[in-house]
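The values are calculated or read from the model by the stated rules, or taken from the named source; none is laboratory data. Every value quoted in this text rests on a predicted model; they were computed, and no experiment measured them. Methodologically, a virtual Cβ is constructed for each residue, glycine included, from the backbone with ideal geometry; neighbour enumeration extends over all protein chains shown. Calculation scope for accessible area: heavy atoms of the full protein, side chains included, ligands and nucleic acids excluded. Shrake-Rupley method; radii C 1.70, N 1.55, O 1.52, S 1.80 Å.
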Amino acid sequence: MKTVLGPVFVALAVLTGWFSDQASPFPLSHPKVEGLLLQLAGGAPLAISADLPPLVQGNLILVIVETLGEASLLAKELSARGVMPVDTLGSLLKAWIPRDRLLEVAELPEVQYLRLPYRPTPLGRLQTEGVTVLGASLFHAKGVLGQGVRVAVIDVGFSSLAQAIRAGEIDPEAIVGKRDYTGTGLESGSSHGTAIAQIVHNLAPAAELFLVRVGDEVGLGRAVADLIEQGVDIIVHAVGWANTEFGDGRGLVSEIARKASQAGVLWVNAAGNHAQRHWLGTPRVLPDGWAEFAPGLSDLELRVQIPGVVQIALTWDEWPRASSDFDLFLFNAQGEIVASSESLQAAYAPPTEFISYLADPGRYTVRVRAKNTSRPVPLEIFSLAHDLNPYVPESSILPPGNAEEVFTVGAVNLGSWATGPQAPYSSQGPTRDGRLKPDLAGLDGTRNFVYPQFFGTSAAVAHVGGMAALLLSQARQEGEDLALQELWKLLSRWAVDFGAPGPDPVYGQGRLNLFVEATKGERRILAYGAIYPGQTVEVEITVRMPSTQIGGLELREILPPGLSGTILDPGGADYTEEGRELLWRWNLLLPGETRTVRYRLVIPENFPAGTYALTGTANRTPLAGDSVLHVEPDPLPKKLQVRCAPNPVRMGGTVAFTAYPEVEQIRVYVHDLSGRLVYDSVWQPGPTHQWNLQDMKGRIVASGIYLYWAEVQVAGKIVRSGLGRLLVIR
């Protein structure tokens, strides 16, 4: 049975359940020590990602000591016991503790609980198009570049920062502050923070950047206190912290964000990418202790496509100290337990369990067992790296994104920006205490120096943070210093409502839109008169680049099913014709520049009559002008009949030739039985023509049998009739 303590970016425990046949000097459980910490101290192997600082150095383990008094006072006493204090935050002491002193420290009366540090989760690892799509170029054209605004990016790592600077993606002069609170260096770990910083810098290139790396809640608290002292205006945090509260924004990490907000800092946080990786509910506990998530369902399924770390976080509604005791298990497809988390909750421990397991490809299931509970208890499960089945998208926002004082951002992909829907992974509200979250939807799926396409709410929050810096900078240039709540309201006011009318727990107030002028396009259907099957119609489209933008423009036209188009005039664009879709791309248009294109629309024979819609966009903005194509019923008769009356006709009389159904013009031909043409009426208006029995030289024809036929014209087309017989008598 393989169990590995794999790399993780998640808050709280970073370790998997551990199974060993060797005796451990540590008990399996202790009321004042986290179970995973005991496993690690007992010799469980640890594989930690380079994105986060290590938890073990030789015989030392990095531990959070939750104290009952002042942490700084306890630090002095622990130093005499071989403990190496690192930092304090309120009642928390972060320290390196020798393995053999772990239980000794736990028994001290000043110690409430020992656990591993909370660990942050980057919420989306995946020149940004947001500069033009969101309207930042409008501000740039007016000289608003974010000057006078200080923006901090607090993240888990800034590797690739030097490369991004060398590539010209980030101006080193814009970075006025760097600080590492992990002890392992700012430019180590993940490149996630570099990707966030690049987006913020692209949008607000003159804003002063503070780049901060944290690895646990103590470092986060220290960082925020320092940033407040340095006068930072905006904090961008594309990170979530699992197992730090029960979804109501009242845990330790949310409290740290709250302190920033109380100091006047706009904290902008990613909602998270866990809409399909979250389960929430109050399960029924079966007689054998297993939790039943739905009638007959005690398993949550996940599938691993490539080898990787499965990370499962469980918490329940008994914060901050659990009175019930639940355990968490991971099973493989053969029904074997491959990992577990079985901390002892006995009034000292928080209501959390966590698994991190390096898994081979395959099907796995998550199960929860109640070891001790006297009542139904709501549970919450996050799978941090794999989708769950079934899942619950509601209330899937990780802290501190669910805190009331935090401006929380969901995601809409670049390809769906104009119309929606939201990215399927974008975490949703409301919070556990019923508040609306997220507050806004931002843009993701854009180009980035670090990621070819940056998907995730991390990209979305970086865009919103950069646009907030532009709004604040503009206000300050106009002599107004926006307060936090005024900036918050301004961002919300610029939202375009999406989804259900009004604020909703998917998009919040809607998607961010700071355009004064959108890309414009107008279509003209160049048809003069009715449109019938078998015809071709020319269509002309004129597009205009906004006067505040410079860059690329994409014109896309989607034809109704059954129709096809041929581009006649590309207007200087690169173009493609793929069935019903016509596409034009201009790589660079100047502000206010226009282009006109033309294409031929082919309407097949026998195409059904009806009203059809042409669907086109210019940079994803719907085209104005003609959009409806009316195809009239086929006017051509299925079988043309030409009758003459009277028949027979007496010499000296006249005969009328009439086409059925009615037509626009008629031309009648009369031949004798030898095939000689006797009479040609030439084209005559209407469906009927009178013949006075004279040949083309004006002579009365002889009596006898004559053959006649006719041509008719309908909708510009000519149709011939069959032969008929006419008898002329004296």
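Going through the cross-link list Lys142/Lys520; Lys32/Lys259; Lys76/Lys371; Lys76/Lys259; Lys142/Lys259; Lys520/Lys717, which pairs have a Cα-Cα distance over 31 Å in this structure?
Lys76/Lys371; Lys142/Lys259; Lys520/Lys717
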In nanometres, the difference between 0.36 nm per residue of separation and the alpha-carbon distance of Arg321 and Val719 is 134.3 nm
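Using the Kirkwood radius over C-alpha pairs as Rh, can you work out the diffusion coefficient of the stretch 390-460 via Stokes-Einstein at 20 °C, viscosity 1.002 mPa s, in µm² per second?
Rounded, D is 170 µm²/s.
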Determine Rg/Rh for the stretch 517-589; Rg is computed over alpha-carbon atoms and Rh is the Kirkwood hydrodynamic estimate from the same atoms. 1.01
Students often check this: by mean Cβ neighbours within 10 Å, which of 387-397, 229-239 ranks highest, and how do the rest follow? 229-239, 387-397
Taking Rh as the Kirkwood radius, which is the inverse of the mean 1/r over Cα pairs, what is the Rg/Rh value for the stretch 586-730? 1.30
Relative contact order in percent for the stretch 365-512 (Cα pairs under 8 Å, 6+ apart) equals 22 percent
Return the whole-Å distance between the Cα centroid of the stretch 611-663 and the Cα centroid of the stretch 71-105. 93 Å
I'd like the per residue volume of the convex hull spanned by the Cα atoms of the stretch 200-335, given in cubic angstrom. 164 Å³
The distance between the Cα centres of the stretch 192-227 and the stretch 129-187, in whole Å, is 8 Å
Here the convex hull volume per residue of the stretch 325-459, taken over Cα atoms and given in Å³, is 171 Å³
Point-to-point label distance, Asp288-Thr615, nm (Cα→Cβ direction, 7 Å offset): 5.0 nm
Alpha-carbon Rg/Rh ratio, for the stretch 81-239, with Rh computed the Kirkwood way: 1.09
Global form of the stretch 259-364, assessed from the alpha-carbon gyration tensor, a/c cut-off 1.5: oblate
Rounded to the nearest 0.05, FRET efficiency between Asp433 and Glu554 (Cβ-Cβ, R0 56 Å) equals 0.80
By what distance, in whole Å, do the Cα atoms of the stretch 417-557 stretch along each of the three principal axes, largest value first? 62, 40, 34
How large is log10 I(q)/I(0) at q = 0.05, 0.11 Å⁻¹ when the Debye formula is applied to the Cα atoms of the chain, each weighted equally and without solvent? -0.39, -1.12
As a check on your grasp of the helix formula, calculate [θ] at 222 nm for the chain: sum -39500 (n - 2.57) over DSSP H runs of n ≥ 4, divide by the residue count, round to the nearest 500. -4000 deg cm²/dmol
Return the whole-Å distance between the Cα centroid of the stretch 307-379 and the Cα centroid of the stretch 235-266. 24 Å
DSSP-assigned coil residues among chymotrypsin sites (Phe, Trp or Tyr not before Pro) in the stretch 453-547, each with at most 10 further Cβ atoms within 10 Å: Tyr528
Two-decimal log10 I(q)/I(0) for the stretch 195-274, as the Debye equation yields it once each C-alpha is a single scatterer, q = 0.14, 0.18, 0.19, 0.20 Å⁻¹: -0.48, -0.80, -0.89, -0.98
For the stretch 356-427, alpha-carbon Rg over 2.2 N^0.38 Å: 1.48
1.4 Å probe accessible area per residue over the stretch 366-467, in Å²: 30 Å²
Taking 22 Å as R0, compute the FRET efficiency from the Cβ-Cβ separation of Leu673 and Met696 and round it to 0.05. 0.80
Relative contact order for the stretch 580-664 using alpha-carbon pairs under 8 Å, separation at least 6, rounded to a whole percent? 19 percent
Could you order peptides 343-351, 581-589, 209-217 by the average number of other Cβ atoms within 10 Å of their residues, highest first? 209-217, 343-351, 581-589
Would you mind putting 220-227, 658-665 in packing order, based on average other-beta-carbon counts within 10 Å, highest first? 220-227, 658-665
